[in-house]
Amino acid sequence: MTTITVPTRDEVSPANQAIFDQLKGALGMVPNLYATFAYSEHALGSYLALQNARSSITGKAREVVNLAVSEVNQCEYCLAAHTMIGKKVGFTDAQVLEIRGGRASFDPKLDALARLVHDMAVKKGHPDEALVDAFLAAGWTKGNLVDVIVAIGDKIITNYLHGATHVPVDFPAAPALPR
């Protein structure tokens, strides 16, 4: 397995150095996966623009997407980061594990989201129509559906980047799902 080294601030372009400085100021660090985007002149800025774009899928709902997709794609980096973020937005350890498995039985609206996102990730964008109907019946809108798909795309990008580079995970490891 090839591991790509993480570039330092001095090894990236001036534009990416400025983004590193902003990230360090906001987060106290430049996460390794973000730093890896900086091998490209444009990818880090483009990715952060996508990640920070306005969306109707925010907070807990966004973390449902991030956790469910990262579990399907078996991304240890994103699972570690989003397990930590999931707890910060108010999920318990048990709820994080359930979401990773494609369910959220503790909240009917989030459950419809988790089921749809899990199915969509497993089936590469071709979910069961009944799950789309259940998502809409749970109170989500067609606009939410579009934003969910964009959020899935966002997470696939980072899952694939880590899958190809294997940069070191700089967050506490996510626990394994009970099998």
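Numerical summary
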{"quantity": "Given (1) in a helix (DSSP H, G or I); (2) within 24 Å of ARG54 (Cα to Cα), index of the condition PHE91 fails", "calculated": "(1)"}
{"quantity": "Number of the condition not met by LEU131 [criteria: (1) touching a Leu at 6+ places or on another chain (Cβ under 7 Å); (2) assigned to a helix (DSSP H, G or I); (3) buried (at least 20 other Cβ atoms within 10 Å of the Cβ)]", "calculated": "(3)"}
{"quantity": "Evaluation of THR92 against (1) over 30 Å from ILE4 (Cα atoms); (2) buried (at least 16 other Cβ atoms within 10 Å of the Cβ); (3) not small (Gly, Ala, Ser) (one fails), failing number", "calculated": "(2)"}
{"quantity": "Counted residues, region 141-179 - those being within 15 Å of HIS82 (Cβ to Cβ) and assigned to a helix (DSSP H, G or I)", "calculated": "10"}
{"quantity": "Complete set of residues in region 53-78 that are within 21 Å of LEU23 (Cβ to Cβ) and either at pLDDT below 95 or in contact with a Phe, Trp or Tyr (Cβ under 9 Å, 6 or more places away or on another chain) (or both)", "calculated": "GLU63, SER70, CYS75, TYR77"}
{"quantity": "Yes/no for LEU23 being touching a residue at least 40 places away in the same chain (Cβ under 8 Å) and touching a helix residue (DSSP H, G or I) at 6+ places or on another chain (Cβ under 7 Å)", "calculated": "no"}
{"quantity": "Selected residue (criterion: surrounded by the fewest Cβ atoms within 10 Å (Cβ to Cβ)) from residues of region 1-41 that are part of a loop (DSSP other than H, G, I, E, B) and within 17 Å of the chain's Cα centre (by Cα)", "calculated": "PRO31"}
{"quantity": "Residues located in region 42-62, provided they are more than 25 Å from ALA104 (Cα to Cα) and either surrounded by 15 or more Cβ atoms within 10 Å (Cβ to Cβ) or in contact with a helix residue (DSSP H, G or I) (Cβ under 6 Å, 6 or more places away or on another chain) (or both)", "calculated": "ALA43, LEU44, GLY45, TYR47, LEU48, LEU50"}
{"quantity": "Members of region 143-164 that are surrounded by fewer than 19 Cβ atoms within 10 Å (Cβ to Cβ) and either over 16 Å from ARG62 (Cα atoms) or modelled with pLDDT under 95 (or both)", "calculated": "TYR160, GLY163, ALA164"}
{"quantity": "From the options LEU33, LEU97, residue that is of a type outside the set (S, T, N, Q) and not assigned by TED's automatic domain parsing to the domain that holds ALA138", "calculated": "LEU33"}
{"quantity": "Selection from region 79-89 of residues that are surrounded by 23 or more Cβ atoms within 10 Å (Cβ to Cβ) and not small (Gly, Ala, Ser)", "calculated": "LEU79, HIS82, THR83"}
{"quantity": "Condition check for ALA104: at pLDDT 95 or above, among the aliphatic types (A, V, I, L, M) and assigned to a loop (DSSP other than H, G, I, E, B)", "calculated": "yes"}
{"quantity": "Number of the condition not met by ALA68 [criteria: (1) under 23 Å from PHE106 (Cβ atoms); (2) surrounded by fewer than 15 Cβ atoms within 10 Å (Cβ to Cβ); (3) not polar (S, T, N, Q)]", "calculated": "(2)"}
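The values are calculated or read from the model by the stated rules, or taken from the named source; none is laboratory data. Please read all numbers here as calculations on a predicted model, not as lab measurements. Please note: Cβ atoms are built from the backbone with ideal geometry, for glycine as well, and neighbour counts cover all protein chains shown.
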